[in-house]
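Engineer: Below is one structure. I have some questions about it.
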Amino acid sequence: MRETLPGTRREILELLSKQKLTSLELSERLKITPAGIRQHLAPLEALGWVEREREVQGAHRPSYRFRLTDQGQRAFPKRYDLLLGELLEVLLARQGVEQAHWLVRQAARRLADRVRERVQGACPAERWRKILDWLEAELSWRADVTVAEGGQQRLTIHQCPFQDVSAAHPEVCGAFCVTLIAELSGTPPGQHVPSAEGPSCCSILLERMPRES
């Protein structure tokens, strides 16, 4: 069996977007243990992206087939990065980098304003958990928070759906990411560090989140 990769949930969504499958069928196709498949299906069900349908097979123990819900179909990753890339090229050509930075920062602030109440927490750890859950559920970003050598917090973004745009325009992508995370976390804007290699997209170094008042 291969190791469970960070993209397993996306692979499950891709398979279920084409047909209904049991956990055993998913296990066989992805070469992951049935227990591992169930660990990935549980959060997808909790998000409302996947639901199960019971199958009664005579006297045998009933099995379940899984399928994408309407919400799951809407949340399924699409190549919006192609359109975004073209829009950025036009914006940069006509308005310049400085104006592009201003626009993406404004977009990040507007997005943060819409969800700020949803990611508030009684303590920093709880707020980070809510922020990371929201990033994955709404933006299809997988991310984690660790402590860097200098004591700063490092938020690493994995599998951002806009990796191609980020590779071509890291400064614009960084302006959006840094502003969004600063607004949601309540910390000063951090330092955007594009990933030189590996599966991660980029990291943001920022000061520790202040204690809740």
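Engineer: Identify all residues within the stretch 158-175 that are touching a helix residue (DSSP H, G or I) at 6+ places or on another chain (Cβ under 7 Å) and open to solvent by less than 50 Å² (accessible area, probe 1.4 Å); write none if there are none.
Structural biologist: The answer is C160, P161, V165, S166, H169, V172, C173, A175.
Engineer: Let me ask something additional. For the stretch 119-138, does any single residue satisfy the condition of being more than 30 Å from I12 (Cα to Cα), buried (at least 18 other Cβ atoms within 10 Å of the Cβ) and not aliphatic (A, V, I, L, M)?
Structural biologist: Yes, there is a match, as at least one residue in the stretch 119-138 is more than 30 Å from I12 (Cα to Cα), buried (at least 18 other Cβ atoms within 10 Å of the Cβ) and not aliphatic (A, V, I, L, M).
Engineer: Would the stretch 122-144 turn up any residue that is modelled with pLDDT of 85 or more, closer than 30 Å to P34 by Cα and of a type in the set (S, T, Y)?
Structural biologist: No, the stretch 122-144 contains no residue that is modelled with pLDDT of 85 or more, closer than 30 Å to P34 by Cα and of a type in the set (S, T, Y).
Engineer: Still on this structure, please answer the following. Starting from residues that are hydroxyl-bearing (S, T, Y) and touching a strand residue (DSSP E or B) at 6+ places or on another chain (Cβ under 9 Å), keep the ones in the stretch 139-157 and report whichever is surrounded by the fewest Cβ atoms within 10 Å (Cβ to Cβ).
Structural biologist: Filtering the stretch 139-157 for residues that are hydroxyl-bearing (S, T, Y) and touching a strand residue (DSSP E or B) at 6+ places or on another chain (Cβ under 9 Å), the one surrounded by the fewest Cβ atoms within 10 Å (Cβ to Cβ) comes out as T146.
Engineer: Restricting attention to the stretch 1-37, which residues are within 22 Å of the chain's Cα centre (by Cα), acidic (D, E) and either outside any helix (DSSP H, G or I) or modelled with pLDDT of 90 or more (or both)?
Structural biologist: Answer for the stretch 1-37, where residues must be within 22 Å of the chain's Cα centre (by Cα), acidic (D, E) and either outside any helix (DSSP H, G or I) or modelled with pLDDT of 90 or more (or both): just E3.
Engineer: Restrict the check to the stretch 81-103 and report whether at least one residue is among the basic types (K, R) and either surrounded by 15 or more Cβ atoms within 10 Å (Cβ to Cβ) or in contact (Cβ under 8 Å) with a residue 60 or more places away in the chain (or both).
Structural biologist: Initial filter on the stretch 81-103 (among the basic types (K, R)): 94.
So of that shortlist, the ones also either surrounded by 15 or more Cβ atoms within 10 Å (Cβ to Cβ) or in contact (Cβ under 8 Å) with a residue 60 or more places away in the chain (or both) come out as none.
Looking through the stretch 81-103, none of the residues is among the basic types (K, R) and either surrounded by 15 or more Cβ atoms within 10 Å (Cβ to Cβ) or in contact (Cβ under 8 Å) with a residue 60 or more places away in the chain (or both).
Engineer: On to the next question. Do we find a residue being at pLDDT 80 or above and closer than 29 Å to D164 by Cβ anywhere in the stretch 77-84? If you could, list the steps in order and put the result at the bottom.
Structural biologist: Restricting attention to the stretch 77-84, the residues satisfying the condition of being at pLDDT 80 or above are 83-84.
If we keep only those that are closer than 29 Å to D164 by Cβ as well, we get 83-84.
Yes, the stretch 77-84 contains a residue that is at pLDDT 80 or above and closer than 29 Å to D164 by Cβ.
Engineer: Among the residues that make up the stretch 141-154, is at least one of them within 17 Å of A107 (Cβ to Cβ) and either under 8 Å from the mean Cα position of the chain (by Cα) or among the small types (G, A, S) (or both)? Quick ask: steps written out before the conclusion?
Structural biologist: At the first step, the residues of the stretch 141-154 found to be within 17 Å of A107 (Cβ to Cβ) are 141.
Subsequent filtering for residues that are either under 8 Å from the mean Cα position of the chain (by Cα) or among the small types (G, A, S) (or both) retains 141.
Within the stretch 141-154, one or more residues are within 17 Å of A107 (Cβ to Cβ) and either under 8 Å from the mean Cα position of the chain (by Cα) or among the small types (G, A, S) (or both).
The values are calculated or read from the model by the stated rules, or taken from the named source; none is laboratory data. Everything numeric here is computed off the predicted structure, so don't read it as measured data. Here the Cβ is made from the backbone with ideal geometry for all residues, glycine too, and neighbour counts use every protein chain on show. Side chains are part of the model used for accessible areas, which takes the heavy atoms of the whole protein and leaves out ligands, DNA and RNA. Shrake-Rupley method; radii C 1.70, N 1.55, O 1.52, S 1.80 Å.
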